[in-house]
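Student: Can you read through this structure? Questions will come right after.
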């Protein structure tokens with residue numbers, strides 16, 4: 001935990017140092033007047049940051065470590081100084097910028113007459129800086145006065161399962177508890193034992209991968225300890241070797257050699273009898289081993305294992321580099337040897353299992369039934385439910401928090417079993433206060449430590465991003481796009497060479513998925529995780545950590561107010577009670593809040609809302625109580641970078657919203673806003689203008705319907721100054737074709753969704769836009785309608801001479817009848833969506849030759865012929881195909897060799913095609929056939945019957961308004 005504490009403090013200081021450096025470089029007279037104070041604070045914080053870096057190099061993230069209280073308090077003080085100084089500087093820079101922007105002679109004379117007011121502002125800032133200077137000086141002196149010194153660097157040691165350390169590893173506590181009452185593990189154990197015992201002679205590596213606490217270690221031990229494996233002719237069977245995050249390979253090899261020398265009869269031969277001959281040779285004595293280099297140790301191990309069939313268990317490998325350093329000691333001697341590893345990181349598992357004979361096994365959470373069995377077995381000694389019906393409801397609530405995590409179920413079950421009064425009230429109390437129980441109850445300490453290991457192992461740059469996930473309540477589905485933009489707005493993301501901040505942040509999100517620290521909820525056709533959830537117990541852990549470090553504060557559903565400091569830095573309201581929310585201001589200041597997130601069910605907007613003037617992130621998504629009037633005060637939130645009003649009843653944005661000149665994201669999707677105020681043209685930092693309303697018609701989100709009336713009408717001049725815009729959609733252009741010219745000047749634009757009326761005055765500017773579209777654009781969606789809202793003809797698209805050829809996603813809604821010739825040149829396009837286009841069979845031939853097409857969506861009226869045939873040799877890379885209500889269709893057929901990589905087929909029909917759907921046997925990689933919307937049972941049953949003999953046994957499901965039915 002120590003490294004995490006240091007990193008949060010260092011991150012706060014580092015961000016401020018960058019800001020102070022930029023301020024000192026300015027030459028304006030107000031800055032020069034305050035130069036001395038700013039320079040002093042910068043110098044002091046640089047010294048403190050150097051000390052923090054020395055702390056980070058000394059601390060290890062091993063469990064059981066301890067931060068000296070003086071060090072902890074001092075770091076907290078430094079962090080608060082950094083936050084307060086940043087707030088002061090931001091306030092000062094804001095005021096100075098406003099003053100310098102007033103240029104006219106009249107205004108200058110007016111300011112001169114009001115000189116004392118300007119002077120008061122600068123004096124106020126000067127007083128604040130003097131106070132911060134004194135606090136920084138005192139913090140520096142306090143470090144010396146109270147002996148706040150970096151601890152000596154701890155010795156790194158291997159912690160084998162059979163080690164003699166003074167403190168048993170928390171993973172072994174979990175292991176021993178689980179082995180007494182195992183549930184749901186027999187199937188995986190038997191499957192993996194069969195794989196281990198296969199006659200394959202080459203060395204095989206089995207990687208068991210999963211989130212901390214899922215039982216990876218238990219499963220590995222059960223596989224190696226099964227009667228079949230024990231009775232086999234493995235001449236060396238290692239004990240469980242638990243590796244630390246700061247692995248010392250040399251210590252590992254020394255331990256293995258020492259253990260081999262001390263236990264010459266460790267090996268087993270067939271039948272389970274010991275073989276006395278399996279001992280280390282005399283010439284491999286260990287005298288002087290402490291001075292041997294790692295290479296020599298590895299060679300000794302290789303020499304011993306070279307002529308033996310062996311099985312080794314390496315538990316908790318954290319990095320691929322650790323595996324690269326270890327594997328050299330284990331020879332592939334063609335004797336059927338096996339290595340079993342466990343890891344939390346899927347990338348590590350894939351690197352360890354790089355050969356065709358290796359296997360990655362992804363351990364799953366317990367099912368609801370298995371969770372109940374384990375829970376009741378631990379408390380009552382039997383698995384047939386509670387002896388008391390009133391406990392059933394609260395049991396379900398507790399198990400929901402545990403989320404199928406065996407370690408958590410056993411730990412909480414142990415806690416409840418120890419309580420003398422097994423009443424609903426007692427259990428509900430534990431359920432409601434699980435966060436504090438994790439902190440104070442020894443029974444749950446092992447669970448906390450195991451989950452904390454995953455957090456501690458995160459690199460420095462990821463820790464704040466992961467803590468930030470605690471602002472979302474339990475069971476909340478966290479969407480990729482919004483949280484990435486929030487991280488950027490908070491300043492957690494630093495641009496790297498060759499990557500935008502958005503790309504860096506998305507890699508961070510993917511890292512959490514890879515490390516199994518979040519649970520993927522929605523995965524798109526390309527395998528990209530679009531949303532996730534954090535395990536409820538892990539939410540409790542990071543909430544506790546956030547409170548400890550004053551990273552965030554919470555108002556929860558159970559009425560508790562979790563605030564750990566007099567100044568709140570990030571506030572998440574997860575309660576619907578307005579009365580509880582209003583109490584927040586009683587003992588803590590909200591004036592320094594940087595992120596504010598409000599529960600959709602809150603009854604009314606908090607009275608302190610107008611005080612949140614230093615906000616960077618404001619997330620009001622789904623807030624039913626929000627009104628247009630409530631938004632007037634946000635124009636004074638001068639640091640605001642992220643504003644989400646999505647899915648609210650807001651119909652009008654504040655007139656002065658243009659004052660938010662740091663705003664980067666404006667999300668007004670699913671609102672009633674139809675136009676932007678004229679001042680919006682001053683939002684010069686805006687990167688993402690997100691508008692419109694898409695309805696998801698399937699659980700996977702692959703089928704969506706855009707509500708045409710939800711577009712944002714764009715007027716001339718609004719986009720002209722928004723040079724930073726990266727994504728715009730959905731904007732509607734009615735009577736002002738000059739907007740097309742403004743769009744063509746947005747050189748950073750990557751995503752554009754545009755709607756316009758196909759009247760003659762718009763066509764020429766639109767075609768000119770397609771010719772001049774910035775080369776940065778990768779996603780383009782065009783909806784063309786006539787005056788009555790019906791799709792309009794797009795025949796003039798054929799006249800475009802310089803189309804946007806670098807697109808990766810292209811969507812067209814409008815009448816075509818034939819594809820423009822240039823569509824065949826879209827060699828980079830991976831997703832193509834058509835609606836109302838009325839294409840013929842010749843278009844299928846053209847689309848089938850697009851070399852990188854992975855997803856094809858043929859929506860309503862996109863295809864006019866009665867027969868839809870996918871020809872041999874076409875659509876070579878397509879993985880997802882959607883056919884949606886093509887009204888003339890009588891036949892769908894897949895020829896042999898067509899769509900060879902198709903994995904998911906999504907279908908909807910107005911009526912059953914007369915000649916049906918055929919050629920499934922040619923789709924060798926098909927995994928799922930999904931019917932949605934109007935489910936025609938006779939057709940579904942025919943398809944289900946047809947694919948019963950398919951080698952992949954694809955699932956056939958019906959999805960009617962997200963109610964999913966699976967057909968046998």
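Student: Given the criterion free of Cβ contacts under 8 Å to residues at least 60 places away in the same chain and either surrounded by 13 or more Cβ atoms within 10 Å (Cβ to Cβ) or not assigned by TED's automatic domain parsing to the domain that holds residue 409 (or both), identify the matching residue among 303, 365.
Tutor: 303
Student: Give the residues of region 435-458 that are at pLDDT 65 or above and either farther than 22 Å from residue 342 by Cβ or in the same structural domain as residue 511 (by TED's automatic domain parsing) (or both), sorted by residue number.
Tutor: none
Student: Could I ask something else about it? State whether the residues of region 546-566 include one that is modelled with pLDDT of 85 or more, surrounded by fewer than 21 Cβ atoms within 10 Å (Cβ to Cβ) and assigned to a helix (DSSP H, G or I).
Tutor: Within region 546-566, one or more residues are modelled with pLDDT of 85 or more, surrounded by fewer than 21 Cβ atoms within 10 Å (Cβ to Cβ) and assigned to a helix (DSSP H, G or I).
Student: Still on this structure, I have one more. Of all residues being touching a strand residue (DSSP E or B) at 6+ places or on another chain (Cβ under 6 Å) and under 16 Å from residue 365 (Cβ atoms) in region 495-533, which is surrounded by the fewest Cβ atoms within 10 Å (Cβ to Cβ)? Just the residue, please.
Tutor: Only one residue tops the list, namely 521.
Student: Which residue pairs have Cβ atoms under 8 Å apart, sit 6 or more places apart or on different chains, and have a first residue in region 766-793 that is closer than 13 Å to residue 814 by Cβ and a second that is part of a helix (DSSP H, G or I) and at pLDDT 85 or above?
Tutor: If the second residue must be part of a helix (DSSP H, G or I) and at pLDDT 85 or above, the pairs left are 766/740.
Student: Scan region 904-932 residue by residue and report those that are buried (at least 19 other Cβ atoms within 10 Å of the Cβ) and within 22 Å of residue 699 (Cα to Cα).
Tutor: Listed by number, the residues that qualify are 904, 905, 906, 907, 908, 909, 926, 929, 930, 931, 932.
Student: Let me ask something else about it. Quick one: in region 392-422, which of the residues that are touching a helix residue (DSSP H, G or I) at 6+ places or on another chain (Cβ under 8 Å) and not in a helix (DSSP H, G or I) is surrounded by the most Cβ atoms within 10 Å (Cβ to Cβ)?
Tutor: Within region 392-422, the match that is surrounded by the most Cβ atoms within 10 Å (Cβ to Cβ) is 405.
Student: Would you mind stating whether residue 356 is at pLDDT 85 or above, assigned by TED's automatic domain parsing to the domain that holds residue 257, out of contact with any helix residue (DSSP H, G or I) (no Cβ under 7 Å at 6 or more places or on another chain) and surrounded by fewer than 17 Cβ atoms within 10 Å (Cβ to Cβ)?
Tutor: Yes: the conditions hold for residue 356.
Student: With (1) buried (at least 21 other Cβ atoms within 10 Å of the Cβ); (2) outside any helix (DSSP H, G or I); (3) in contact with a strand residue (DSSP E or B) (Cβ under 9 Å, 6 or more places away or on another chain) as the list, and residue 458 as the residue in question, which single condition is left unmet?
Tutor: (3)
Rundown of residues vs (1) surrounded by fewer than 18 Cβ atoms within 10 Å (Cβ to Cβ); (2) assigned by TED's automatic domain parsing to the domain that holds residue 512; (3) farther than 30 Å from residue 308 by Cβ; (4) modelled with pLDDT of 75 or more, yes/no style:
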position: 163; (1), (2), (3), (4): yes, no, no, no
position: 184; (1), (2), (3), (4): no, no, yes, no
position: 191; (1), (2), (3), (4): yes, no, no, yes
position: 194; (1), (2), (3), (4): yes, no, no, yes
position: 198; (1), (2), (3), (4): yes, no, no, yes
position: 205; (1), (2), (3), (4): no, no, no, yes
position: 214; (1), (2), (3), (4): no, no, yes, yes
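Student: Ok, one more. Could you list, in sequence order, all residues of region 694-725 that are over 22 Å from residue 525 (Cβ atoms) and either surrounded by 19 or more Cβ atoms within 10 Å (Cβ to Cβ) or in the same structural domain as residue 502 (by TED's automatic domain parsing) (or both)?
Tutor: Result: 710, 711, 712, 714, 718, 719, 722, 725.
The values are calculated or read from the model by the stated rules, or taken from the named source; none is laboratory data. Quick caveat, the model's predicted, so the values are computed rather than measured. Heads up, the Cβs are rebuilt from the backbone with ideal geometry, glycines too, and the neighbour counts pull from every protein chain shown.
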